[in-house]
1. Across segment 1-142, how many lysine pairs, 8 or more positions apart or on different chains, have C-alpha atoms separated by under 29 Å? Please give the number.
2. Share of the chain's accessible area from carbon and sulfur, percent, 1.4 Å?
3. Relative to a virtual label point 7 Å from the Cα of A192 in the Cα→beta-carbon direction, which members of segment 102-145 show backbone nitrogen distances below 17 Å?
4. As an exercise, identify the trypsin sites (Lys or Arg not before Pro) in segment 1-84 lying in DSSP coil whose Cβ has no more than 11 other Cβ atoms within 10 Å.
5. Springs between alpha-carbon pairs under 10 angstrom, Gaussian network model over the chain: which of L128, L170, L64 fluctuates most?
6. Tell me which label goes with the value of semi-axes √(5λ) of the Cα gyration tensor in Å computed from the coordinates here: [x] 33, 19, 14; [y] 31, 18, 13; [z] 39, 19, 16.
7. Over the chain, what is the mean sequence separation of C-alpha contacts under 8 Å (at least six apart), divided by residue count, expressed as relative contact order in percent?
8. Within the chain, which DSSP H helices have Cα atoms that stretch 20 Å or more along the helix axis and a mean Kyte-Doolittle hydropathy of at least -0.5?
Amino acid sequence: MRKQEGFDYFVTHEDEDFHQFYETMHKPTMNSRYGEFARSVSQLDPSKNWLNARLIGVRNGDDLYRTNGAQNFVYHAILHWASNVGNIDVVDFQGCEPFLTKGTFQYKKRFATEAILPPNHFHDKRLLVQANVHSPAVRQYLIENPMLVIDDEDNLGAGYFFDEQNKPRLDLPYQCPGIGYHVLLDLDERAAATKKPMFT
């Protein structure tokens with residue numbers, strides 16, 4: 001049993017405990033947070049000594065546990081357990097959409113996590129953004145939502161959009177292990193350089 005700030009966890013290998021956790025904690029939590037988009041995959045990869053962490057939950061999926069810090073404690077408990085079990089070198093908190101404003105991204109940064117390209121079939125996949133940079137609404141969206149970028153050598157960085165009327169949102173932090181630089185992306189320059197009103 002491990003206790004911290006009023007919360008605790010214990011390790012068990014009993015099927016009965018897993019089924020109780022799954023039915024009374026994990027499923028209700030995922031249903032209340034994600035509905036039909038919930039994903040329920042956790043995996044220990046012994047070939048790499050990695051824990052692919054995703055299967056968490058709180059009793060009955062009650063939002064009260066999110067507001068009082070219990071759900072946050074689950075991630076601390078996973079790290080504590082993984083660092084003491086002896087055969088786990090990496091806890092993979094999984095990916096998220098590549099926008100600095102994404103709550104998932106900012107939340108994971110708080111754990112001093114390292115951002116990496118995923119070591120699976122997503123490693124070589126890229127998100128292509130095509131946008132009409134002449135549209136004020138599109139420009140505002142891009143400026144308000146800086147995104148992760150990748151250079152020719154697969155180094156991760158942050159891309160901040162701006163134009164003559166709007167400064168880049170450098171107040172939105174990107175700094176964390178694995179993200180080593182930022183670039184400023186001039187929407188006016190991009191629009192003037194292309195015949196088509198698209199940013200790619």
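1. 14
2. In the chain, the share of accessible area belonging to carbon and sulfur is 51 percent.
3. What the label zone holds, given the 17 Å backbone N cut-off, is 133-135.
4. Taking segment 1-84 and a limit of 11 other Cβ atoms within 10 Å, the loop trypsin sites (Lys or Arg not before Pro) found are R39.
5. L128
6. Given [x] 33, 19, 14; [y] 31, 18, 13; [z] 39, 19, 16, the calculated one carries the label [z].
7. 15
8. Passing helices, by number: 70-85.
The values are calculated or read from the model by the stated rules, or taken from the named source; none is laboratory data. On a predicted model such as this, the values are computed, not experimentally measured, just so you know. Glycine gets a Cβ as well: all are built from the backbone with ideal geometry, and neighbour counts include every protein chain shown. All accessible areas refer to the heavy atoms of the entire protein, side chains included, with ligands and DNA or RNA removed. Shrake-Rupley method; radii C 1.70, N 1.55, O 1.52, S 1.80 Å.
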